[in-house]
Every structure is written in C-alpha cells, then in structure tokens.
Amino acid sequence: VASVGAEEAAARVRSGEVPEAVALETRARRGVDRSAADLAAARAAGVRLVVPEHPEWPAAAFTALAGCGVAELAPPVALWVRGPGRLAALTERAVALVGARAATAYGAHVAADLGAGLAALGHTVVSGAAIGVDGAAHRIGETGLVVSEYPPGSVPGRHRFLVRNRLIAALAAGTVVVEAGLRSGAARTAADAATLGRPVMAVPGPVTSAQSAGCHRLLREGAELVTRTEEVLEALGPLGAVAPEEPPGPRRATDGLDPVGLRVHDALPARDPRAAAWLALEAGVPVGAVRAALLDLERRGLVRQADGLWQRRPERRRAGGR
C-alpha cells in the first residue's frame, strides 16, 4: 500500500503479483472478494467506510504512526465508523482510558470517575469497548463513535484486540492506564503510546492487587501518576489547559484564550490566509491542536476562513463585566 496505493495493492493481491512476503500473508484469502457484501452490511448497520482521502480522516493522529519506524504500528488503510460525530474533530481533544477486563470495583469506580470528568470538560474518551475498565470509562457515553479496522461481522479474535491498541494510542493525546496486569493489552497500549511520544499516565492501586501490578511497573518506568481528572489534564499540558478567569472591566477579545489559542492567534496573518499545517509550523503546535484552536477562535469571531485557509480578524476591545 505504501508503495503503490491501496487500490493497486488490492488488485495485485488478487492477481498474485506481489513479493513473496506479501504472498505469504495474503495467499489464504486472495481469492475472496467481500467488498460488496461488507459495504452492504455496513449500510444496513449504519456504518460508513472512512479512507485517508476523506475529510473525516484523522490525519494528524496517524502521522505519528506513519513516522515512528515500527512496522507493527503502521497506520490503518481504512476505518469503519458508526455514529453521528466526525472522527477527525472528536480526536482533537481525546484521552485514552484503558485497563483490565477483570477490573476490580476500585478500578471500575476510578475509570467511571475519570471518564465522566473528562467528558464534562469537553474531551473525547477513547477506549477499547471491552468489559471492565473500558466499559466503565464509557458508562456515561450517550454520543460518540464506534471505530474499527474490521468490517461488520468480523470475529473479535485476540490478535485483533492487540492490533487495535495502536489505534487507541494514536487517536488520543495521552493514555491513562487505570488497572493492568504485568502482561496485558492495556500495558501494550501504554507501550504504543510511549513509542509515539504521547504522555503515559497510570493510576496507583493496592500493592497487593495483581490488577495494579502493571500500573506500578509503568510508574517505576516513568509514567505520570494520576488520581483525578485535573491531574490527567495537567499531564497533557496545553490540551487540558483551563482558560483563566476573565478580569472585570475593559478587556481584549483574546483574553481568556488558553496558551495554544494565543500562540495560534499570534501566528495568524492579517492578510494572505494560511493553511492549518503552515500555522502549526509557525506556532510550534501540533496540527491537530491548531485545528481545535482555530475552531474556538472562529467561534469567538477572531478568525475567518475560506477554502480551508485562515486569517486573523481585526482585534477589537470590548467592555468587560459579567
């Protein structure tokens, strides 16, 4: 796919005109074409297929996968998505909460508390849709998306859970491990996040609990210790920055912006509108965070955009007071 593109790769797999290494991986199923059936099943289930060329594709999130140099962490070719939200937008302020399927009451309580706290502050909670910690983290979820590399009807095999973990790590700005054994999928997700340069956090537990042994190992290896939502956001830095209280009296339109918003606003030209990627370089901020900041700046009337390019609106002082 990296060499010739997805469509040409599929055609070569069907014809068998591939290198031996690819042939070994695809030989058993190369004569099976379920594309029409998979798309029909997806339509019936309200599922859409999102590809890299689609505006909903979270390109910023998957850039790290493509550039990490680890073959097992390759970006997906496409994603099956169900739900009313837009994937790229929801991942701009996302935090992963993962942990043991055989969660203790303590772990389920902490996961539910962190999930509710993050959601209340406008953050997307990313998890694996398993029982235990994953389910507790999403207990408050009434909106959002279900995302998978595999089409509707696929069997949830163990190897697919392990492959899924890299997507959780990539789609979130940071990963919180609530409970995990020494050998667990949650520990694997944390390792993937660390490889991608994303913050890894862990919740401590009783030293007698095998379900917290993995968290304690992560903490010894340098993970950030967190126990509350505020600590998670502090570890994430600008993603979790809380806007300061607005002082009474006259103020500027930019008062109340978080540090990322201010940097993006400063980088915006008054003329010659620029793309988000250019602004990311100018402001020294990841492009996903730039896009989130631009949406907030647009809501505040501080920027305008046309054809995907952005520029600053003239700043006007306005009267303060609440």
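Here is how the numbers come out for the structure above:
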{"quantity": "Alpha-carbon centroid distance for the pair segment 187-226 / segment 259-312, whole angstrom", "calculated": "35 Å"}
{"quantity": "Linear extension gain, Val163 paired with Ser35, 0.36 nm per residue minus alpha-carbon span", "calculated": "43.9 nm"}
{"quantity": "The chain - accessible surface per residue (Å², probe 1.4 Å)", "calculated": "55 Å²"}
{"quantity": "Distance in nm between pseudo-label sites at Leu281 and Ser15 (7 Å out along the Cβ direction from Cα)", "calculated": "3.8 nm"}
{"quantity": "Segment 1-98 shape via C-alpha gyration tensor axes, a/c threshold 1.5", "calculated": "oblate"}
{"quantity": "Unit charges on C-beta of K, R, D, E only; dipole of the chain, Debye", "calculated": "440 debye"}
{"quantity": "Signed unit charges on C-beta, dipole axis of segment 24-109, positive-most listed residue Ala59, Leu79, Ala41", "calculated": "Ala41"}
{"quantity": "Mean Cβ neighbour count within 10 Å, used as a protection proxy, ranking 33-43, 217-227, 129-139, 170-180 highest first", "calculated": "170-180, 129-139, 217-227, 33-43"}
{"quantity": "Cα-based equivalent ellipsoid, segment 191-231: semi-axes from gyration tensor eigenvalues, Å", "calculated": "18, 13, 7"}
{"quantity": "Global form of the chain, assessed from the alpha-carbon gyration tensor, a/c cut-off 1.5", "calculated": "oblate"}
{"quantity": "Distance from segment 1-60 to segment 141-164 (C-alpha centre basis), Å", "calculated": "17 Å"}
{"quantity": "Candidate residues Val163, Val200: accessible-area rank, largest first, probe 1.4 Å", "calculated": "Val163, Val200"}
{"quantity": "Apportionment of accessible area to carbon and sulfur, the chain, percent (1.4 Å)", "calculated": "55 percent"}
{"quantity": "Overall form of segment 50-154 per C-alpha gyration tensor (a/c, 1.5; a/b vs b/c)", "calculated": "prolate"}
{"quantity": "Residue-span extension gain [Val146 to Asp307] - 0.36 nm each, minus C-alpha spacing", "calculated": "55.0 nm"}
{"quantity": "Value at 222 nm in deg cm²/dmol, rounded to 500, when DSSP H runs of n ≥ 4 in the chain each add -39,500 (n - 2.57)", "calculated": "-12000 deg cm²/dmol"}
{"quantity": "Arg82-Thr254 FRET efficiency (beta carbon distance; Förster radius 41 Å; 0.05 resolution)", "calculated": "0.60"}
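The values are calculated or read from the model by the stated rules, or taken from the named source; none is laboratory data. All of these numbers come straight from a predicted model, not from anything done at the bench. Quick reminder, even Gly has a Cβ in these numbers, built from the backbone with ideal geometry, and neighbours come from all protein chains shown. Surface areas here come from the heavy atoms of the whole protein model, side chains and all, with no ligands, DNA or RNA. Shrake-Rupley method; radii C 1.70, N 1.55, O 1.52, S 1.80 Å.
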